[in-house]
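This report refers to the structure that appears directly beneath it.
The values are calculated or read from the model by the stated rules, or taken from the named source; none is laboratory data. What you see is a predicted model, and the numbers here were worked out from it, not measured in a lab. Here the Cβ positions follow ideal geometry from the backbone for every residue, glycine too, while neighbour counts run over all protein chains shown.
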Amino acid sequence: MTLTSDPGREAPSDTWIVATKTIIDMGESVAPPCLISGTANEELATAIAGELGLELLERRFEVFPDGEMYVRLGGSVRGRDAYIVQPTSAPVNDNLIELLLLIDTLHRASAGRVTVLVPYYGYARQDRKFIGREPITAKLVANLITAAGADRIVAIDLHSPAIQGFFDIGMDHLTAIPLLSEYLKEHSLPDSIIVSPDTGGVKRADIFARVLDLPIAILHKRRASARTVEMAAVIGDIRGKNPIIVDDIIATGGTIREAVETLVRAGAHPAVRIVATHAVLAGEAPVLLHHPAIREIVVTDTVPIRVEVRQALPTLRVVSVAGLLANAIRRLHAGLSLSELFARGEAPPI
Ligand code: R5P
């Protein structure tokens, strides 16, 4: 096994050196892994396969007349380590069941270690009981993935880092912050300020602020319902600044829309950038985010973005996590540290 430098990728200049710089030639001594995609984000899985120089394993999904799902693999996986790519994005329940069926199928087909790459971990926002008589879905989904037989899970920017502890199997929590901040660095940022749209996102915003050497402001959000939010206060001096709102998920777009309007009302320039890892963009989100004060929306491809959404949002820029996940697979397969995917030499920082 050899370590080689990837000439196609330049290291960012600050401490966030992404180890996409380093690629691992998986050599002849290790059986190549097999990579299987669910149907949730085949574009991303294909891009990962391309980075690794692997073919995606053929598989067939069917739905029985009564709505039950069926899966069959198109080739032998006996003794080979398997990597499944399946975000649990919409349709969330179907994609989750598909993931569970794939894990079970691989085990019954005598695969080696089964690692699931869930770039977007759905159901994560119900990570505790907010009031009585509610489920904790983030834990339930972790139990289901574990019970199905996964040996390891890799996720990106979990809604709450504490969800890592919901797994008793191997868990690697990656972050897209270096990729997103690299994109921001490449575009001029005069008079910018990083803004967290709620107090829960302050740590994430602080990382962006430190990496980009920008000041920070915080909005105090109150959620009136699953679809509506209100911003109760702005903490920090945003007057005359170009805000960069950073969040983990854009779901209905309500948080971002309200944050943009609050910032502009409070005196920020109506030239707001939005940065988020997971572009769930459900329902009317493209309409809400088509706003004259929004200059750019930078997201990743953890969740597939429909063509209609891309057309409705000309300000949308998509940064791919394919290289990050391909490197994670290379390193896992070679038994190497994933912490070194991040230059700080420590666990992903959120
Ligand atoms: C909340 O804690 C999250 O970080 C996001 O701000 C939220 O999930 C976004 O949801 P929506 O787009 O529906 O407002």
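Yes or no: segment 110-132 includes at least one residue that is part of a helix (DSSP H, G or I) and hydroxyl-bearing (Ser, Thr, Tyr).
No, there is no match, as no residue in segment 110-132 is part of a helix (DSSP H, G or I) and hydroxyl-bearing (Ser, Thr, Tyr).
Identify, from the list VAL287, VAL309, the residue that is at pLDDT 95 or above, more than 10 Å from the ligand (Cβ to nearest atom) and either under 22 Å from GLU43 (Cα atoms) or in the same structural domain as SER160 (by TED's automatic domain parsing) (or both).
The match here is VAL309.
Filter segment 133-155 for residues that are in contact (Cβ under 8 Å) with a residue 40 or more places away in the chain and in a loop (DSSP other than H, G, I, E, B) and give the result.
Of everything in segment 133-155, those that are in contact (Cβ under 8 Å) with a residue 40 or more places away in the chain and in a loop (DSSP other than H, G, I, E, B) turn out to be GLY149, ALA150.
Residues checked against (1) assigned by TED's automatic domain parsing to the domain that holds ALA138; (2) of a type outside the set (D, E, K, R); (3) part of a loop (DSSP other than H, G, I, E, B); (4) farther than 24 Å from ARG331 by Cα:
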| position | (1), (2), (3), (4) |
| --- | --- |
| LEU35 | yes, yes, no, no |
| ASP66 | yes, no, yes, yes |
| ARG72 | yes, no, no, yes |
| ILE84 | yes, yes, no, no |
| PRO87 | yes, yes, yes, no |
| ASP94 | yes, no, no, yes |
| LEU99 | yes, yes, no, no |
| THR105 | yes, yes, no, yes |
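Condition check: surrounded by fewer than 19 Cβ atoms within 10 Å (Cβ to Cβ), farther than 30 Å from ILE97 by Cβ, outside the structural domain of HIS333 (by TED's automatic domain parsing) and at pLDDT 95 or above. Does ILE235 satisfy that?
Judged against the criteria, ILE235 is a match.
Can you go through PRO243, PRO190 and tell me which one is part of a strand (DSSP E or B), more than 12 Å from the ligand (Cβ to nearest atom) and more than 22 Å from GLY122 (Cα to Cα)?
Unique residue meeting the criteria: PRO243.
Please go through segment 217-232 and give me each residue that is modelled with pLDDT under 95 and in contact with a Pro (Cβ under 7 Å, 6 or more places away or on another chain), ordered by number.
Listed by number, the list holds a single entry, LYS221.
Assuming ALA49 fulfils every condition listed in (1) touching a residue at least 24 places away in the same chain (Cβ under 8 Å); (2) part of a helix (DSSP H, G or I) apart from one, which condition is it?
(1)
Please go through segment 214-232 and pick out each residue that is near the ligand (Cβ under 9 Å from one of its atoms) and not in a strand (DSSP E or B).
Result: ALA226, ARG227, THR228.
Do any residues in segment 71-84 that are touching a residue at least 60 places away in the same chain (Cβ under 8 Å) have Cβ atoms under 6 Å from those of residues that are of a type in the set (Ser, Thr, Tyr) and part of a strand (DSSP E or B), where the two are at least six apart or on different chains, and which pairs are they?
TYR83/THR115
Would it be correct to say that ALA276 is aliphatic (A, V, I, L, M) and within 11 Å of the ligand (Cβ to nearest atom)?
Against the criterion (aliphatic (A, V, I, L, M) and within 11 Å of the ligand (Cβ to nearest atom)), ALA276 qualifies.
Can you tell me how many residues within segment 201-215 are touching a residue at least 40 places away in the same chain (Cβ under 8 Å) and surrounded by fewer than 16 Cβ atoms within 10 Å (Cβ to Cβ)?
Within segment 201-215, residues that are touching a residue at least 40 places away in the same chain (Cβ under 8 Å) and surrounded by fewer than 16 Cβ atoms within 10 Å (Cβ to Cβ) number 1.
Select, from ALA224, ALA266, ALA276, the only residue that is without any contact (Cβ under 8 Å) to a residue 60 or more places away in the chain, among the aliphatic types (A, V, I, L, M) and over 28 Å from ALA90 (Cα atoms).
ALA266
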